[in-house]
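In what follows, a single structure is set out as structure tokens and then discussed.
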Amino acid sequence: MATVNKLKQAFDLFDKANEQDPNKETYQGKTYAKEVLYAMRMTKKLNSFAPNASETLKLTARCQHICRWEIPRGSYEMNRTGYLKWRQDLKKYHAKKASEILTAVGYDQNTIEKVAFLLEKKQLKKNEETQTLEDVICLVFLEYYFEPFAKKYSEEKLIDILQKTWRKMSKEGQDAALKLPLSKSSLELVGKALS
């Protein structure tokens with residue numbers, strides 16, 4: 001029972017940290033701090049995609065973007081090198097913030113290190129939990145964020161992004177993606193990306 005309480009406590013603290021996000025998003029008539037809503041979506045998707053996920057994976061999904069706004073994309077060069085550096089720095093930052101919270105809640109060092117390992121996306125395609133996390137990230141992106149994202153880019157760029165997303169996913173993740181409630185235009189782009 002203690003572990004359930006710890007999990008809830010960690011979720012509450014992750015959400016409390018993310019409530020400081022100045023970026024807001026309205027969903028189904030309610031306004032959320034953007035990263036709180038993202039964290040809730042990650043938990044919901046993990047629960048449906050991998051209902052038997054470990055506690056470590058549940059923790060990681062909930063804090064995947066913790067305090068992301070504190071390292072804005074605009075503070076790096078607006079090119080591929082800048083983008084990759086930003087992503088690497090974010091992973092380390094998320095791992096540091098999550099570790100501080102998990103330590104405060106009383107998680108053991110082994111769990112804290114596993115969460116950091118997963119947040120840094122180590123051994124993608126080799127580690128089952130890293131792969132499950134990546135599948136959930138891709139599914140959340142496709143279901144909730146691809147549509148608004150698609151309005152900003154050319155079809156060619158979107159097809160390239162979809163192909164890269166697809167390559168990161170497992171067969172199970174890809175199968176789940178094809179069952180998402182996507183719009184007609186998004187489904188057409190997915191079809192072009194996969195052909």
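The values are calculated or read from the model by the stated rules, or taken from the named source; none is laboratory data. What you see is a predicted model, and the numbers here were worked out from it, not measured in a lab. Neighbour counts are summed over all protein chains in view; Cβ atoms, including those assigned to glycine, are modelled from backbone coordinates with ideal geometry. Only protein heavy atoms, including side chains, enter the accessible area calculation; ligands, DNA and RNA are left aside. Shrake-Rupley method; radii C 1.70, N 1.55, O 1.52, S 1.80 Å.
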Original post:
Give me the pairs: first residue in segment 8-20 and of a type in the set (Phe, Trp, Tyr), second residue assigned to a helix (DSSP H, G or I) and open to solvent by less than 80 Å² (accessible area, probe 1.4 Å), beta-carbon distance under 7 Å, and six or more apart or on different chains, which are they?
Top reply: 11/62; 14/39; 14/62; 14/101
Subject >> Spans of helices (runs of 4 or more DSSP H) in segment 143-192 with at least 2 residues small (Gly, Ala, Ser) and either touching a residue at least 12 places away in the same chain (Cβ under 8 Å) or surrounded by 17 or more Cβ atoms within 10 Å (Cβ to Cβ) (or both) >> reply: 171-177
Original post:
Do the conditions hold for residue 102, that is, is it of a type outside the set (Phe, Trp, Tyr) and touching a His at 6+ places or on another chain (Cβ under 7 Å)?
Top reply: no
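Is it the case, given these coordinates, that residue 76 is under 24 Å from residue 135 (Cα atoms) and surrounded by 13 or more Cβ atoms within 10 Å (Cβ to Cβ)?
Details: under 24 Å from residue 135 (Cα atoms): no; surrounded by 13 or more Cβ atoms within 10 Å (Cβ to Cβ): yes.
No.
Anything in segment 106-140 that is in contact (Cβ under 8 Å) with a residue 60 or more places away in the chain and surrounded by 20 or more Cβ atoms within 10 Å (Cβ to Cβ)? List them, or say none.
Residues satisfying the conditions are 107, 118, 132, 133, 135, 136, 137, 139, 140.
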Subject >> Any pair with Cβ under 6 angstrom, 6 or more apart, that starts in segment 40-64 at a residue that is farther than 14 Å from residue 119 by Cα and ends at one that is buried (at least 20 other Cβ atoms within 10 Å of the Cβ) and polar (S, T, N, Q) >> reply: 50/132
